[in-house]
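> Take a look at this one; I'll ask things after.
Any read-out appearing in this document is the output of simple, stated calculations on the displayed coordinates, not a laboratory observation. Just so it is clear, the model here is predicted, and its values are computed rather than measured. So basically every Cβ, Gly included, is an ideal-geometry build from the backbone, and we count neighbours across all protein chains shown.
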Amino acid sequence: MATLSMKPGQRFSVPDWHTNSHLISADAERQRSASHQVRQEARALRNETNSQTKWDEHDNQTRLADRISSVNRWKERLDKCLADVDAEIDALAKVKEAAEHALQAKNLALDVSIECLTLRESRHAIDVVRDPVEEELHREVKVIDKAKRELQQKVNEVFQQLCRLQEARQQLSCDHRHKMEALEIDRVCLSLGVNSPNISFKVNPTRIPGGSTTLDEWERHSQDNKEHAEAEMKASIQLREAAVLTIAQTNNELEAQRVATEFAFRKRIRDMERAYNELKWQEQNTLEEIAEQEEDIRYLEEDLRHKTQDLKVAQTRLEIRTCRPERELCRDQAQYGLTDEVHQLEGTIRALTQKLAESQDALDALYRQLYRTQTDLGYKANSLVLDKKCVDSRRKLVVPAEKFVPEVDTFNRTTNRELKNKQLELA
């Protein structure tokens, strides 16, 4: 009879088994309790960090938006200040140009005075006296020299002020450009989010960059630039007023006596302008007639080509019908009709050819007449320019230099040049 084998190893008692089960249950309870505690703490930490992160991001978004608004307000102030500086630079440059023109205009009066003094040195014997005229001429030279010195001084002061304004504008422009760059950077930062494609970890992002300034220093810098520009503009306005006053005073001191010899020139110019306008009207009508004549010539040539083709068709038909055999070669109505058509077309072609030649002759005559008209227009325009130059030259004695605008150049740049161009085209 076989014997039941016993599994070797340690044997535990039932109480040990129950104790082990209770220990496992107790450990499971503790682990679950500890896990529950960790889970609650993790949830609290998540809620707290999420809320903190959200509020931090919201606060920084607000700070970035406020910073953009602040920089943008300063940019708008700088924009206005730059526009004011540009306007003041333009105004001061115009005053400088007017002062330079006034200074240059004094050369004419000085030349006339010196010429008069030089001519009076040719007097002989007892006529070489220091009379009131000579005294007035010497006084006039002194006044002109004094006016030129004052104007030159104002020109130098205006030039220096322009340099200072340009320097102030350069500072404003640099500050404005930096603010534009800062606005672009802050707007990019404001647009970044967790889904942005260009975000990454950076090395030591919380470092303070070299050259950083405080907010007060930043605002003080822009305020200083603005105040400096405004101070230069104020000084420029005062200088402009002083320069304009100096120009007016020197012009009043050196106002020359007017010599009235313009009546004949004005009358001649009016007559010449009437003749010029009449020729201009004739030129326009001739050009219109030339255009119509050229169009009619094109129609004549086109009709002539068509009639030539028709004549070819009629003659070809007649030639082909000569090939009819024997009794079929009869002079029927078609034969008579084609013959009449050929004669009619030949007469028509002769008439059209003659009329085309007459039209071409008429067109050539129109072109010759147009050339004569435009040539005469050129002569009259040249005469008008010369007469107006005479009147314009006399205006230098009565019109202030800063207000003097040549009248002849405008006419010369338009009418006279247009006539010359048309003459060259006809040639």
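> Please list 191-199, 27-35 highest first by mean number of surrounding beta-carbon atoms within 10 Å per residue. Write down the numbers at each step before the final one.
On the way: 191-199: 8.0, 27-35: 10.0.
So the peptides 191-199, 27-35, ranked by packing, come out 27-35, 191-199.
> Under 1.5 on a/c is rounded, so check that first for segment 209-249, then, if it is not, pick prolate when a/b is larger than b/c and oblate when it is not; a ≥ b ≥ c are the square roots of the alpha carbon gyration tensor eigenvalues. Display every interim value, and only then the final one.
Details: a/c = 10.77, a/b = 5.14, b/c = 2.09.
It is prolate, given that a/c is not under 1.5 and a/b is the larger ratio.
> Here's another thing I want to ask about it. Could you list, in their original order, any pairs among K80/K146; K75/K234; K94/K142; K94/K226; K80/K106; K94/K146 whose Cα atoms are separated by more than 30 Å?
As for pairs spanning more than 30 Å Cα to Cα, those are K80/K146; K80/K106.
> Where Lys and Arg each count +1 and Asp and Glu each count -1, what net charge lies around K75 among other residues with Cβ under 14 Å from its Cβ?
After counting each charged neighbour, the total is +1.
> Rounded if a/c is under 1.5, else prolate if a/b beats b/c, else oblate: with a ≥ b ≥ c from the C-alpha gyration tensor eigenvalues square-rooted, which is segment 302-366?
Since a/c reaches 1.5 and a/b is larger than b/c, the shape of segment 302-366 is classed as prolate.
> So what's the net charge close to S35: Lys and Arg +1, Asp and Glu -1, counting the other residues with Cβ under 15 Å from its Cβ?
+1
> Excluding Q315 itself, calculate the net charge of residues whose Cβ lies under 14 Å from the Cβ of Q315, where each Lys or Arg counts +1 and each Asp or Glu counts -1.
-1
> Would you work out the relative contact order for segment 301-357, in percent, from Cα pairs under 8 angstrom that are 6 or more residues apart?
Values: 28 pairs, mean separation 30.9, N = 57.
Worked out over segment 301-357, it gives 54 percent.
> Another one. What shape does segment 270-320 take by its C-alpha gyration tensor, where a ≥ b ≥ c are the square roots of the eigenvalues and a/c under 1.5 counts as rounded, a/b above b/c as prolate, and the rest as oblate?
Values: a/c = 13.23, a/b = 9.27, b/c = 1.43.
Prolate is the answer for segment 270-320, as a/c is 1.5 or above and a/b outweighs b/c.
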